[in-house]
Structures are given as structure tokens and as C-alpha cells.
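Taking it in order: structure first as C-alpha cells, then the write-up.
The values are calculated or read from the model by the stated rules, or taken from the named source; none is laboratory data. What you see is a predicted model; the values in this text were computed from it and never measured. Note that each Cβ is placed from the backbone with ideal geometry, even for glycine, and that neighbours are counted across all protein chains shown.
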């Protein structure tokens, strides 16, 4: 029997997103979650970011199973990219696996993926470990924590969780089972730090039901509700409220339609078949009979709500004067300005816009606040604690909390920093493993190209083409700009002349040196633009040899 | 006598920033404030944005005076750009004018600007109007509201304000004077909407003093405090606390040094001359004797704090294990991710990082919350109300508040929407005037170039150069990439061959059409990259004629 467990975080410890954690016993290992991170303006044009899997592919212990805690993108979104690199069976709750299947439609693996559905309280073997999923409450149904019995000790991985005392689907946080497992001794608790800076409790979905009910009750026109599409609990609430208030529901946007279809098929959503109508049908109903559920809460370009706000004529559902638009979500940090633009556009169409700053009760978080985080630690009474899921400061805060309730061994690690745990619950540094971020823009895009994009965005690009004949410049330089200045008559010609003059001023002996001429042209172009516009573009000089 | 007043907002009604409002009586007018807006990721590379001044330059009523309420950038930052276009005397409190002078050092007007210092309760004439500045409290000293007596009626413009009952500089919000002016009748109140979504009161700077004092008292190592550099009240508090706790102050960053120098010269800041030492000197002191005040609270690239967090070796002041870094500010919406990166970097250096989510009392806003907004309306009892300073939803909220306290005429306008007020306080639409945003990147950059930058940032650029000889393609196409993919051996050559093949496959008759060949090459290059990488770059094809 192996006496040590290695904990190897590849993502999610140092950021919100791309959660991915390997657990190793000797040369055998499993992986918990495999998610993506959504890019910010440091990575323009990038669709998603996933953890670098080099360690898993080349490392000492190839994972024998991937276990998913639940179906959110930051926990499952990178599965297709992992499965392209290694063939590993994927265990997870039915909803999570159904959502992975949806994702895989966009990828060609060239083989059938191996899926194994998990059930709460039903234990299974994964590699050298015995794993038992435990029901937790969260902002999507079918979410689990994991009790992982390793050859040396017992680990509890919280997944993403909150403690909702009145869950919409009646599936309660399984505190009883956690207490049983804890009675037998938990060596290590790995717990969700997303809301480690937020005091108190996160609140129940049922509280949101009351607030939404009141808003729908008071609305004269159509009601639009924007939400995170994966929040099936919230969707259930809206179905129920629509039925009560005699409104038909229409689903606008591919994302909310997909999640509804998948959740219905998984039996996790209930509604009368005639409750939901197509947007074309809803648009013809009296405004008071419409409840539109819309994707696109963050002002994403091209999303359903952004297009509705822009009064896109190709959309059957429009916002008109007297309608109400409820943002039943939070603004993801960094999106404040696009969201404020969305508010403005909707208000200009005559809608009453209700969001969290105006009506705090329209949303509750799916992640435990401090009180619930403390409750989980006290339920588990672990010998060791490692905070997961969050930026460094959130992890620090959660570590402080664990210390304050008396956990003996608390360690803070970030992506790539391995940790070793022995059977007594003592933790030791396990060295640094290869880790990082892979940016996906169609295919993977490297760091040099990303840096170039940031420069291009800031200053634009100027291209000068220099004809070359035999051993000397052979004609007029041609200049082209993009993102430098709006078209101005003669500007490119003047830039070309400035480059030509700089070349003519070179000593004869240097003018036969092609590389010297190229660099002179490049610098002359930069100088010309700086003098004219006060800003230096990225400049590219290309020498074209005649008669090749 | 003119019986109507026209209110013409050119900036700040529909955004936080670039505040600029014209008031017109017949063919005569004045301008209140002239600020900039800081760009978001919709305008990469842009330094600042100012209102389009076309209406002021060409419009029916050239302003005869510019009156500044206080010295924040969003109220004075565009003065240099305005003064380049029209010569107008600038009235303002001494601190605001001193800060405009600092800004003008970077601009060559070719003439001396005309400045007139204003004082609270000291009335002056500006064009056809009589103006009286009124002392208000705000996050910078020397802030004023304006009572503007127009030929037809009395207007009160709040400037930026809060109601701080215990201001650091002892300069109280002049409620008494406002009540006197109101007793004579105020037709229109224009009031600051920045915090229209926030309930309660903003709180006093003195509350911040207590929190900062406690943190400094408990700190073992050096204390770094990051703040908005213009917050001279906060700087005064830190000077006083440093003296009490036996710490020397060092100012790190040009912005905080400039504001300290200007405020000292204006007599708005008091300290012992030996309290402040150079960073080089401070770095040599015992850690417990250091209080460093640092610019760069938002994770701005190149700012003092960003460089300190990056352990820049050229900076004498470093953060070491055991130090405390206090963010005595708020995160400006949109900056959450760079700020979180800053927190992480500082925490990795071993600092205790304290910010508003952890310790809410480290900052109070300089703008009135709802309770104070209501108090001002009740003080003024205006016949008409127009909310200013904020995005549309904030203005709506503030308008609702005014209606709820019984103001008869409340109108919501945004930039460019003129409004006409008669002596009875009734408001009528005054049509739309030319307005917009001018983006400054060195010089002004136009909308087409900005759109190109956004595309370049998302997809990078591919350039193909085609030699042309006589009446046909004359050599191998040359391909260059930027921001498309990291250097891969032979990738550019393969792209060039793909373009060459596409040209060879053209029917003979088309291959003599230079424009047809150029477009074929451009599309072939796009296709090649899309097939290879799954993403289509901006493609530029340039034909170079031989022997010109």
C-alpha cells in the first residue's frame, strides 16, 4: 500500500475557472474535473482557455479516470481537449455527462468516448481509489461532492457547493452522509473558495422565487428574464411562475434552449408541454401573456439579449415600451461596461430594467458564503485543509477561515504546486509540475501571437513593401495601414515618400545591404507616423526581389 | 431679456466621465466642466476620450466662459483639447486651475490661457449669467456647486458632491447658503447621479481615518497604501497617521507626487517638512517606520504599484514578506481582473493585502448616495430637475427619486439632447445637437481605425505581397503574419505556396486582371489559415509592380 497521496492542481487554484485536479497514489492517478476559463481582454479573440495537459500526458501517472462533480463549463468544458490527448473513462452525474456529449458534437474524437454515470451514495472504483459521490446543492441540478478513499487516507472534495436548505428540486445537501463519512475520519478537505470573501449565507433559490414572482405580478407588459442558461433551478421557478400567472414561456437563445432540452431529457425539469412556445408564436401574444427567458446576461456580442437590445429586426421577440427586463444573475467581474451598455439600450427601448443593484433579491449565488464554508469544515472535521477554486486572495481567506475553526494542517497551493499528504494528515510540498494555460482560438494560439495581438490592438499596423532589383532598392515603397488612422487622402503616399527619402539618405555603401535597407525603411515608417499622429504603430517592412 | 434657457449636455449624461454641459440664453452661452472619459476595451490603445466640440465651435452660441466645478479629470481633463479649438476664459477653484495648468504642460496652445480663480460665495459674471460657487464636500478639496442666475431663472448645478458632516479640511458643505438661494426660488436643479443606485449615505472621510489608523497600528512591517492620487483628504489623513505612529511617508508614483505638490502649493495639505522622504531613503529605514503612498490602484500597466507588484528591480521601494498593502479605493467597473492579478502578485511577495471586500471601511465614495441626493433636492426645492453624471439607468433612478419627493417637472436627457426651460420651470425638448466622442491616441483616431484595431486584436493580420511583371504575376507570393500563430517552421512558405497555387488555378484570361489576382490571393490566404488553424485572420494583399 502506498503511504502517500499526491495532490496536483492543474487549474482553478489561482483563478475562477479551468478547475482540474489530479490525485496520485504512487504511479496511479485520477483526475477530478476538467474545465475551461473564459478569456479577458489579455487574450483577445480567444474562445476558451484550458489547462495545459502536458503533465497528464507525459507525467509519471497517467490518469485512469476523469471524475466530474457537475456540469458547469468551468468543470467540464475542457473534456473534449483532454480526450483528444488521452483516452480516459469519464465518470459523472447524468446531467454533466449529457452536457459533455453536447460539447463533443463540435469535436471529432475519432472514437467513442467512455462514459460512466455516477449516483449519489453509490460507490465506484476509479483506478486505485474508491469514490462516492455525495449530493450537494448548487446553481445547477445534479451536483456532487466526492468522497475519495485513497490507499492511504480519505479525502473529501467539495465540488462547487452551497447549502440551500430549500432546494427547488427537493434534492437536499447530504449533510447526514458527510457526517457519517467524517465519523470514520477525513484526512483532507478540498473546498470551494469562490465566495471566500463574502460573509454570511448565500441564500436559497426559493428567496429568488418570491422576488421574481412579485416582479412578474406587477408587470404590465412582457417580462424578459435573463439568466445563466445552466441555472435549471431558476428555469423551473420561471416555468412555475409563468403557469401561475397565465403567461406562456418562450426561450430565446441557443444556450438556454440547449440547457432546457438536456435538463428535460434528464428528468430534471418539469413543465406542461404547452407552456413553452416558439418566439414567433410568443411575439403574436398579448404582451401580458409573455415570459421570455433569454441567454446573454453579460452583454456578449451576438448573444440573444444583445441582439434584442439592438432591436435586431431578424429576431421575432422584441422589447417594446412597457416591458420589463429582469437580470436574474450577477455581472461577472470585468463585464460591467458591456452590461451597462445593454441596460442603456434596453431602457432606451422603453423597458423597465431590473438588476441586482436595484433589486438585490433577483439572484443568489450558487457558491457557499463564509458561514456555509465554515459549516462544511465543521461537518468534515478534517485533519488537513486545502482551499480550491479561486484567485489567490480567496484561497488565503478560506485558509484563514479553516485555521480559525481549528484545522491543524492548512496549506495554500496554486496551479502546478504539488502537495503530499501522509496518513496522519500532515502535508508536505511535492514540487512544481508542468502547468499553464492553453489558449484556444479555433486551434491553440501561442503566447508570442497573443502578445502581437495586444500590440496590434493598441497601435495598429503599418506595412511597407520595398521592391528590390539586383543589388539595390528597385522602386517606390508602398505603404498600407490598418488600425492606425482613418483614411486620409494622400497619407499612405506621403508615408511612402518619407520611407523613400530615408533610403535615399543612406550612404551608398549601406544601400546595397538588403537587411539594412529593410530596417531603415521600417524605422522611417515608424518615425513618420509618430511625427504625424503622435503614436508609433507596429511596423512591418517586406523586401520583394524582382525577377525571382 | 431672453425668456428661455437651453440646457445642452455634450458629455456625462449617459456615461461616467467627460462631463460637459452648455447653458444658453439666446445667442450667448457658458460651459460647465470639460472632462475626459477613460477608454475601455472597446477602444484599445486610446489614452482618453473627450466630447466632440463641433457644436461649441460651429454652433449658434460660442461659449463665453468655461466654469469648472472642481479638479477631477472627468471635469477638467478635456480643457486642453477645447482650448486648442476655441479661446475661452476658464473659471474655477484654485486647485482645479492649478491641475489644468499641470495638464497644459503637455500641450502647446501657442498662447497664454486665460484663468480666473473662483471662491465660494463670491459671485462673478460669465457671459449673460451671474454665477456663485458654493462649497460642497467631495473626494477632492476645493470642490464647488454652482448657482447660476440666468436672464430667465436660477439654476443650481451640484457639481460632484457628497454631504460629509465631518470633512477632513473643515470645509463644510454649505447647506446654509443653498437654503438662502432656494428661499429666493430655484427653477432647475442639475444633480450628480453617480451613486443613484446606492442606498443610504456615503459616509465620512473620518470613518476611513479610524479604519486606516487601526490597520497601521496593527502592521508589523511597512505599510503601502494605494489610493486615487487626487484624494488629498485621504493623503492628509495618512500624513497625520504617519506622524502619530512614528512612520515616515514616501510617495511612490508620479501621479501621487504631482497631486501632493499641487495641493501643498495651494495650501490644501499640511505636513511637517521632514515627514516625507524619497523612496530611496525610505527603502533604507526599518520596515516599521515606512508608510508608502502609491499610485496605481487599478492594475494599470506601468503604474507604480503594478511595478512594485512585479518586483521591478529599478524601484527602490519593494514589498517584502510581512508588509501590508492597503487598497484605499474602489475597483472601477471593468478593472476587476487586472486588480485581482495585482492582489495575487502582492500576496505572492508575502504581503497582507487589504481591500474593500475584506475591510469595507478602507474607502468611502466621494459621491452622494440616495439619502444625500434626496437631501439636496429637498434643500433646493426646485421646480424642475434633470439628473446629470451617470449612465442612463443611474439617471432614471435619480429621476425617480426626484419624482418621489415631489418635484413637478423631471426630465431625463442624454448627451446631445437639448432641453428648454422657461421661467415657470416647465421643460421642453430642444432638439438634438451634434455630439459624440473623440478618441485620443497621440492625436485623434477615427472610428474606422478603431474598428480595425478590434479586428486585429481578435484575429491578427496576414499580409501577402505579390510581385507583378508587365501584365501578369511576376514571382512568388511572400507571406507575413502578426498575431496569427506562434512561429512555426515553414508555415509562411506553405501559405505562400497555397496563394501561388490559387493564382495558377485562375483561368488565363483572369490572371492578367491585377485586381482579380489581388483578391484571389487575399481569399486564398484567408482560406489557408482557416483550414490550418480554424480561425480567419484579417488578410491584406499588396501587388507590387516591377520596374516602376
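A single entry from A:438, A:479 fulfils the requirement of being at pLDDT 90 or above and farther than 28 Å from residue A:61 by Cβ: A:479. Among the conditions (1) without any contact (Cβ under 8 Å) to a residue 24 or more places away in the chain; (2) part of a strand (DSSP E or B); (3) within 12 Å of another protein chain (Cβ to nearest Cβ), the only one that residue B:464 does not satisfy is (1). Looking across segment B:504-530, the residues that are assigned to a helix (DSSP H, G or I) and free of Cβ contacts under 8 Å to residues at least 12 places away in the same chain come down to B:504, B:510, B:515, B:516, B:530.
Within the option set B:475, B:496, being within 14 Å of chain A (Cβ to nearest Cβ) and either part of a loop (DSSP other than H, G, I, E, B) or surrounded by fewer than 14 Cβ atoms within 10 Å (Cβ to Cβ) (or both) holds for one residue only, B:475.
If you go through segment A:98-117, how many residues are in a loop (DSSP other than H, G, I, E, B) and touching a helix residue (DSSP H, G or I) at 6+ places or on another chain (Cβ under 8 Å)? So the answer is 4.
Checking each residue in segment B:311-364 for being out of contact with any strand residue (DSSP E or B) (no Cβ under 7 Å at 6 or more places or on another chain) and not in a loop (DSSP other than H, G, I, E, B) picks out B:336, B:337, B:338, B:339, B:340, B:341, B:342, B:344, B:345, B:348, B:360, B:361. Do we have residue B:446 as closer than 21 Å to residue A:478 by Cβ and either at pLDDT 95 or above or surrounded by fewer than 21 Cβ atoms within 10 Å (Cβ to Cβ) (or both) here? Taking the combined requirement at face value, the residue does not satisfy it. Hey, among the residues in segment B:390-410 that are under 13 Å from residue B:191 (Cβ atoms) and away from chain A (no Cβ under 14 Å), which one's surrounded by the fewest Cβ atoms within 10 Å (Cβ to Cβ)? Only one residue tops the list, namely B:405. For segment A:255-268, enumerate the residues that are closer than 16 Å to residue A:170 by Cα and in contact (Cβ under 8 Å) with a residue 60 or more places away in the chain. Once the filter is applied, which keeps residues that are closer than 16 Å to residue A:170 by Cα and in contact (Cβ under 8 Å) with a residue 60 or more places away in the chain, segment A:255-268 yields A:263, A:266, A:268. Restricting attention to segment A:528-548, which residues are more than 38 Å from the chain's Cα centre (by Cα), surrounded by 18 or more Cβ atoms within 10 Å (Cβ to Cβ) and at the interface with chain B (Cβ under 7 Å from one of its Cβ atoms)? A:533, A:542, A:544, A:546, listed by residue number. Residue-level analysis places residue A:501 outside the set of residues that are away from chain B (no Cβ under 11 Å), assigned to a loop (DSSP other than H, G, I, E, B) and free of Cβ contacts under 8 Å to residues at least 40 places away in the same chain.
Each row is one residue, and each column tells you yes or no for (1) farther than 30 Å from residue B:307 by Cβ; (2) at pLDDT 95 or above; (3) not in a helix (DSSP H, G or I).
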| position | (1), (2), (3) |
| --- | --- |
| B:171 | yes, yes, yes |
| B:181 | yes, yes, no |
| B:213 | no, yes, no |
| B:230 | no, yes, yes |
| B:238 | no, yes, no |
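Among the residues of segment A:414-461, those identified as facing chain B (nearest Cβ under 8 Å) and assigned to a strand (DSSP E or B) are A:441, A:443, A:445, A:461.
In segment A:350-374, of all residues being surrounded by 18 or more Cβ atoms within 10 Å (Cβ to Cβ) and under 19 Å from residue A:300 (Cα atoms), the one that is farthest from the other protein chains (Cβ to nearest Cβ) corresponds to A:354. Listed conditions (1) more than 10 Å from chain B (Cβ to nearest Cβ); (2) out of contact with any helix residue (DSSP H, G or I) (no Cβ under 6 Å at 6 or more places or on another chain); (3) within 30 Å of residue A:288 (Cβ to Cβ) are all met by residue A:341, apart from (1). For segment B:75-97, the candidate set comprises residues that are surrounded by fewer than 24 Cβ atoms within 10 Å (Cβ to Cβ) and touching a residue at least 60 places away in the same chain (Cβ under 8 Å); within that set, the residue that is nearest to residue B:130 (Cα to Cα) is B:94. If the condition is being under 21 Å from residue A:86 (Cβ atoms) and either part of a loop (DSSP other than H, G, I, E, B) or in contact (Cβ under 8 Å) with a residue 24 or more places away in the chain (or both), then segment A:118-144 contributes A:118, A:124, A:126, A:127, A:128, A:129, A:131.
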